[in-house]
Amino acid sequence: MIGQLLAGHYKVLQVLGEGGFGQTYIVEDIHLPGKPQCVLKHLKPTSTDPEVLESSRRLFQKEAETLQYLGNHDQIPRLLAYFEQDQEFYLVQELILGHPLSKELPPGKKWTENQIVLMLIEVLSILEFVHTQGVIHRDIKPDNLIRRTSDRRLILIDFGAIKLIRKQTAIATAQHNITIAIGTPGYMPSEHTRRLPRPSSDIYAVGMMGIQALTGVSPRELKDDQNTGEILWQNLTDVSLELDAVLSKMTRYHFKDRYQSASEAIVALRELVNPDDIPPIEAVTTTSLHELTLEWVEAGQIVTRAILEKQQSNNFGGVRIGRDPETCDIVLSEATVSALHAEIFFNSQIKRFYLRNLRQRNPPIVDGQMLLAGEMPLAIGSNLRLGQQRLKVSDITLKNYPTEYTPREYATNDQMGQQPVVKTVLPPKISNFEQNIASYVPPTLSPFWSYSSKLLLLIGVGAAAVLSTVGGLVLSKTGNFGATRVERNSISPSVQLCRVIFPNDGNSVNLSLQPDSQAKKLKQLKTGDRVLFIKEEGDFAQVKLADGTQGWILRNQIQPCVLRPTPFPPKQ
């Protein structure tokens, strides 16, 4: 695997670990400036049964989405990407520089009580966040906690949910959902063997780490009471009654006798240390962020990329797409894509994602409409075409993130030298069929987040023929507007100026004299009415009607018109 390129992006540099399930590698993303290193986990199924693979695939995707959200916590690695290749699964995560906590717990090494309490509080604070998301780690142990070099904080890695994927494929049936015992002997409570993990199962494992730090003895070497199942450890060290009581409750044999939440255990531990030594409690507050998921095929594999409304990027205000890794945040390999082709950005006032054209000679196509200039709103199901590369907006959702969360920066170009970009290959010429375009129609009217999925797609890049066929005419049935030829020419210079009224609430919008919601109303426009766009000013857009009337409406009340191909005339 060393030197191999996966998904067209990740070059394998070295092995971090391996086992029966697969391997873990350090890789570099060759498409990002500076070629940042990250961790790639290779999950290799042991069964090729189609039903087992499909079940594992669904589980893999679900757990990857969970890990993506958990990575919003500063002490959990961020999920950068996930993909499937040759019926094997891959996770790409943030690389944490540091050492495992197990290096601080060699045999015979004993910590002070104060050190132990602070460590327990730190780990339980991470679990407090994890458990509120409905996730149980299931494999808490020193090897799965990394002491980050930069700030000495503990980072929780290797969630047990992924081990479920590893082991599920080894089972020769996919008829039922199967829960498998996951964990490490010594840190694994009794209910794990019965395949019934609970949040208190993680608390048990944290308590066992505390006992290990206190006694200097590995949990696997500790004996238990044959009558009660309780761990026997108090005779191995001197311990205060208070810490003894907390650790004993954390590690009770029966889960119902333990602390039932990480928060409850934290409260008990905070009473055992000097308040000045206790890290401050950070209130768990969240904020809602819009997230767009972009999907495309790269090197025969489906690639997804999430774009958040506050996404950091190489370029202020937007995520740029093209072939040049120095200027683009999302790098495509398709030769017909321009070096700097398009940009996706979020309008915080209108609360929508937009695609902006950055290459007039090679314009993108959105839902069959060529975007010659400016920008166009995106929706769930929007089909994009950059050159011959097809992309799709597979989802737009509103997700809760920690209040201070800043989306991961795609790349920084500090370490990236100047690299030549191969000249863009021109797309194929337009066929006669693709030139058979004749009319404009307003888009199908439905709620914004789903309307674009109903738009009709222009074939190939034939939209380039639209301008010559339509001849600059924006409105197909100009007679309906009663305008003279001169008027039509003056208000129809480009197909990009056509807009359709699409109210957010109700069936009509007001056309105002000034760009002010309190300004004089000129008339009402109904859903589906077509107007011509003139300019923008703040939240308002100036438009012109077919009768020559000009006025202002809110920008989020209009959307671009849509082209539809007309059928061939019947044969004579």
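Among the residues of the stretch 90-108, which ones are within 19 Å of Ala205 (Cα to Cα) and not hydrophobic (A, V, I, L, M, F, W, C)?
Within the stretch 90-108, Pro100, Ser102, Lys103, Glu104, Pro106, Pro107 qualify.
Note on the stretch 489-517: residues that are at pLDDT below 75, exposed (fewer than 15 other Cβ atoms within 10 Å of the Cβ) and either assigned by TED's automatic domain parsing to the domain that holds Met376 or closer than 17 Å to Trp552 by Cβ (or both) total 1. For the stretch 79-112, how many residues are in a loop (DSSP other than H, G, I, E, B) and either at pLDDT 90 or above or assigned by TED's automatic domain parsing to the domain that holds Asp143 (or both)? Selection size over the stretch 79-112: 11.
Reported count of residues in the stretch 187-243, each being free of Cβ contacts under 8 Å to residues at least 40 places away in the same chain, in a loop (DSSP other than H, G, I, E, B) and β-branched (Val, Ile, Thr), is 1. For Leu53, the conditions (1) outside any helix (DSSP H, G or I); (2) more than 19 Å from Arg305 (Cα to Cα) all hold with the exception of (1).
Among the residues in the stretch 394-401, are any in contact with a Leu (Cβ under 6 Å, 6 or more places away or on another chain), over 30 Å from His73 (Cβ atoms) and assigned to a strand (DSSP E or B)? Scanning the stretch 394-401, I find no residue that is in contact with a Leu (Cβ under 6 Å, 6 or more places away or on another chain), over 30 Å from His73 (Cβ atoms) and assigned to a strand (DSSP E or B), so the answer is no. Considering only the stretch 346-357, I want to know if a residue exists there that is closer than 18 Å to Pro33 by Cβ and either of a type in the set (Lys, Arg) or assigned to a loop (DSSP other than H, G, I, E, B) (or both). No: the stretch 346-357 contains no residue that is closer than 18 Å to Pro33 by Cβ and either of a type in the set (Lys, Arg) or assigned to a loop (DSSP other than H, G, I, E, B) (or both). For the stretch 518-564, residues that are in a strand (DSSP E or B) and either at pLDDT 80 or above or not basic (Lys, Arg) (or both) total 29. Among the residues of the stretch 398-412, at least one is among the acidic types (Asp, Glu) and modelled with pLDDT under 60. In the stretch 24-70, what residues are more than 27 Å from Arg323 (Cβ to Cβ) and among the basic types (Lys, Arg)? Once the filter is applied, which keeps residues that are more than 27 Å from Arg323 (Cβ to Cβ) and among the basic types (Lys, Arg), the stretch 24-70 yields Lys41, Lys44, Arg57, Arg58, Lys62.
The values are calculated or read from the model by the stated rules, or taken from the named source; none is laboratory data. All values derive from a computational prediction rather than experimental measurement. Positions of Cβ are generated from backbone atoms using ideal geometry, with glycine treated the same way; all protein chains shown enter the neighbour counts.
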